[in-house]
């Protein structure tokens with residue numbers, strides 16, 4: 001025989017849920033942000049293949065117009081030296097190998113396509129990595145992703161518009177029209193060697209300008225501090241001049257042209273790291289105040 005249900009002492013009142021129900025912890029909230037990005041290893045490989053296919057496809061599509069305009073692009077890269085040669089002598093570019101001009105145009109088209117497709121490649125990389133990050137991490141990393149191409153363009157522009165005219169004018173001054181008893185010395189640059197020099201300097205300056213981004217990211221994750229950068233400044237100066245000697249042609253002007261901006265960027269990095277540390281301290285103070293307020 002079933003037991004009778006106990007009478008309801010307050011018939012006009014319905015049962016209420018417990019007000020002391022535990023709230024969702026912050027750690028569980030953060031973990032839930034990653035649930036949408038979780039997938040098996042095979043799905044990760046499929047996603048990676050998809051992103052690589054889009055990147056390669058964008059490169060191949062942009063390679064066609066890059067090849068078509070390769071001579072125009074090369075003329076733009078050669079303009080700083082061509083203007084100097086036109087004033088000093090009736091200079092011109094040469095190629096001594098039968099296939100040299102063809103492969104030079106091919107290299108111009110390749111690097112142009114890489115630069116033009118970089119936004120697509122970077123976006124595909126971001127779409128692959130972003131699901132595995134917390135929301136705050138995505139918001140923190142996005143400014144660095146946007147600053148990277150901007151700083152690279154600034155570095156390349158410094159090399160093209162400032163360094164090239166001064167350096168090429170200096171090197172072209174060694175031409176000698178010759179006289180009685182002496183041979184004439186004329187500058188006739190090869191197309192492939194000139195492209196190698198120009199691309200080397202542009203990439204050296206472009207990557208060198210990434211120093212604030214790299215050091216600030218390392219400070220953000222706690223690998224270094226502004227005090228460490230200030231303490232090791234003397235070693236950084238020596239390392240910067242060594243790197244400049246490796247990345248630039250073997251002359252003092254080119255080395256100093258890269259070393260001086262790097263020293264300035266190093267000081268900017270110290271300021272940027274100090275700002276990151278200040279914001280981190282403010283967040284920790286606010287978090288501690290919230291905990292004390294709850295207690």
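The values are calculated or read from the model by the stated rules, or taken from the named source; none is laboratory data. What you are looking at is a predicted structure, and each value in this text was computed from that prediction instead of being measured. Quick reminder, even Gly has a Cβ in these numbers, built from the backbone with ideal geometry, and neighbours come from all protein chains shown.
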Suppose the filter is over 17 Å from residue 201 (Cα atoms), without any contact (Cβ under 8 Å) to a residue 60 or more places away in the chain and within 24 Å of the chain's Cα centre (by Cα); does residue 236 pass it?
yes
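Test residue 293 against the stated conditions and say whether it is on the phi > 0 side of the Ramachandran plot and loosely packed, with under 13 Cβ neighbours inside 10 Å.
It is false that residue 293 is on the phi > 0 side of the Ramachandran plot and loosely packed, with under 13 Cβ neighbours inside 10 Å.
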Checking residue 182 against (1) at pLDDT 85 or above; (2) under 25 Å from residue 85 (Cα atoms); (3) exposed (fewer than 14 other Cβ atoms within 10 Å of the Cβ), the condition it does not meet:
(1)
Condition first: in contact (Cβ under 8 Å) with a residue 12 or more places away in the chain, closer than 30 Å to residue 178 by Cα and not in a helix (DSSP H, G or I). Can you find one or more residues in the stretch 117-136 that meet it?
no
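Among 258, 223, which is the only one that is over 30 Å from residue 92 (Cα atoms), at pLDDT below 90 and either loosely packed, with under 14 Cβ neighbours inside 10 Å or touching a helix residue (DSSP H, G or I) at 6+ places or on another chain (Cβ under 8 Å) (or both)?
The match here is 223.
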Just checking, how many residues over the stretch 92-105 are without any contact (Cβ under 8 Å) to a residue 60 or more places away in the chain and surrounded by 15 or more Cβ atoms within 10 Å (Cβ to Cβ)?
1
Can you name every residue in the stretch 165-192 that is outside any loop (DSSP other than H, G, I, E, B) and within 18 Å of residue 92 (Cβ to Cβ)?
168, 169, 171, 172, 176, 185, 190, 191, 192
How about the stretch 178-209: which of its residues are over 31 Å from the mean Cα position of the chain (by Cα) and free of Cβ contacts under 8 Å to residues at least 12 places away in the same chain?
178, 179, 180, 181, 182, 183, 184, 185
Checked the stretch 239-250 for anything surrounded by fewer than 16 Cβ atoms within 10 Å (Cβ to Cβ) and in contact (Cβ under 8 Å) with a residue 40 or more places away in the chain; matches are 249
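If I filter the stretch 279-290 for residues that are within 15 Å of residue 218 (Cβ to Cβ) and surrounded by 14 or more Cβ atoms within 10 Å (Cβ to Cβ), do I get at least one hit?
Checking the stretch 279-290: not a single residue is within 15 Å of residue 218 (Cβ to Cβ) and surrounded by 14 or more Cβ atoms within 10 Å (Cβ to Cβ).
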